[in-house]
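The values are calculated or read from the model by the stated rules, or taken from the named source; none is laboratory data. This structure is a prediction, so every number in the text was calculated from the model and none was measured. Note: ideal-geometry Cβ built from the backbone for every residue, glycine included; neighbour counts use all protein chains shown. Heads up: the accessible areas ignore ligands, DNA and RNA and are worked out on the full protein's heavy atoms, side chains in. Shrake-Rupley method; radii C 1.70, N 1.55, O 1.52, S 1.80 Å.
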Amino acid sequence: MQRVPMTKGGLVRLKDELRRLKSVERPKIVKEIAEARAHGDLSENAEYHAAKEKQSHIEGRIAQVEHWIASAEVIDVTKHAGDRVVFGATVSLEDTESGDQVTYRIVGELEADLKQGKISVTSPIARALIGRSEGDTVVVRSPGGEKEYEIQSVAFVEEELPTESE
């Protein structure tokens with residue numbers, strides 16, 4: 001099984017999703033199926049077929065999340081130090097052309113969320129940054145064209161984790 005790099009926060013979020021799917025969504029759909037079944041003839045019962053399809057999607061998602069959890073390789077970013085960019089680093093960049101500042105956290109593919117400033121380790125920006133240090137200038141080639149950034153700072157901080165109820 002191929003290991004998938006992930007932060008502690010990413011693993012906690014996956015476990016929370018799995019817990020919600022199993023303890024909230026699964027029982028809810030079972031109840032919906034029972035109610036639809038009570039309406040009689042299943043061959044012409046649209047509610048029943050819709051509920052069964054929804055159940056199939058939920059079970060598929062449960063299997064997918066369980067696989068991700070089983071293959072997760074949790075990287076403790078607080079054990080890293082220095083000014084070199086590696087997985088889990090929070091990197092502040094300055095666009096050398098416009099002077100705009102951006103901060104990204106390099107995370108696993110399953111955790112990436114650009115709105116939260118989390119970029120996948122396989123993204124063009126992260127690939128350009130990995131192995132570089134504070135003060136380095138990197139050129140990022142993306143579908144939108146080339147951009148040049150200067151690495152302002154590299155930090156290794158774990159995000160605030162929701163309390164795990166396991």
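Angle, helix 26-37 long axis vs. longest principal axis of the chain, Cα atoms, 0 to 90°, nearest 10? Its long axis makes an angle of about 30 degrees.
The listed residues E158, E59, E109, once ranked by accessible area (1.4 Å probe) with the largest placed first, stand as E109, E59, E158.
Among S120, S56, the order of accessible area from largest down is S56, S120, computed with a 1.4 Å probe on protein heavy atoms.
Just the accessible area per residue of the chain, please: how many Å² with a 1.4 Å probe? Please report the intermediate quantities before stating the final value.
Details: 9890 Å² over 166 residues.
Per-residue value: 60 Å².
Computed 3J(HN,Hα) for segment 137-151, one whole-Hz value per residue from the Karplus formula 6.51 cos²θ - 1.76 cosθ + 1.60 where θ = phi - 60°, is 10, 10, 9, 9, 9, 9, x, x, x, 8, 10, 10, 10, 10, 6, glycine and proline marked x. For K79, K52, the ranking by accessible surface with the largest value first comes to K79, K52, using a 1.4 Å probe. Placing a label point 7 Å from the Cα of L42 along the Cα-to-Cβ direction, the residues of segment 56-89 with a backbone N closer than 16 Å are 56. Measuring nothing but how far apart in sequence close Cα pairs (under 8 Å, 6+ apart) lie, relative to its length, the chain scores a relative contact order of 26 percent.
Just the protein heavy atoms count here, and of the accessible area of the chain at 1.4 Å, carbon and sulfur take up 50 percent. Beta bridges per DSSP, both residues in the chain: antiparallel share near 75 percent.
Ellipsoid semi-axes for segment 4-75, based on the Cα gyration tensor and the rule √(5λ), read 33, 11, 6 Å when sorted largest first.
How high is the relative contact order of segment 84-155, in percent, counting Cα pairs under 8 Å that sit 6 or more residues apart? Please report the intermediate quantities before stating the final value.
Numbers: 147 pairs, mean separation 25.8, N = 72.
Worked out over segment 84-155, it gives 36 percent.
With runs of 4+ DSSP H residues as the only contributors, calculate the mean residue ellipticity of the chain at 222 nm using -39,500 (n - 2.57) per run, divided by the residue total and rounded to the nearest 500. Intermediate results must be reported in sequence, preceding the final value.
On the way: 4 runs with 57 residues, N = 166.
Rounded to the nearest 500, the figure is -11000 deg cm²/dmol.
Rounded to 0.05, the FRET efficiency of the A50 and E17 pair, given R0 = 22 Å and the Cβ-Cβ distance, is 0.45.
Taking P27, P124, P143 in turn, the Gaussian network model of the chain (Cα-Cα springs below 10 Å) assigns the largest fluctuation to P143.
The slack in the chain from D100 to E150, taken as 0.36 nm per residue of separation less the alpha-carbon distance, amounts to 16.9 nm. Straight-distance candidates among the aspartates and glutamates for linking to K79, with alpha-carbon spacing under 12 Å and chain neighbours fewer than 8 residues away dropped: E158. Tell me which of A112, G144, Q101 sits at the most positive position along the dipole axis of segment 84-155, charges placed on C-beta atoms (Lys, Arg +1; Asp, Glu -1). Towards the positive end, the residue furthest out is A112.
Using a 10 angstrom cutoff on alpha carbons, build the Gaussian network for the chain and name the most mobile of E66, E146, E94. In the Gaussian network model the winner is E146.
As a calculated quantity, the FRET efficiency between R26 and A81 at R0 = 35 Å, using C-beta atoms, amounts to about 0.20.
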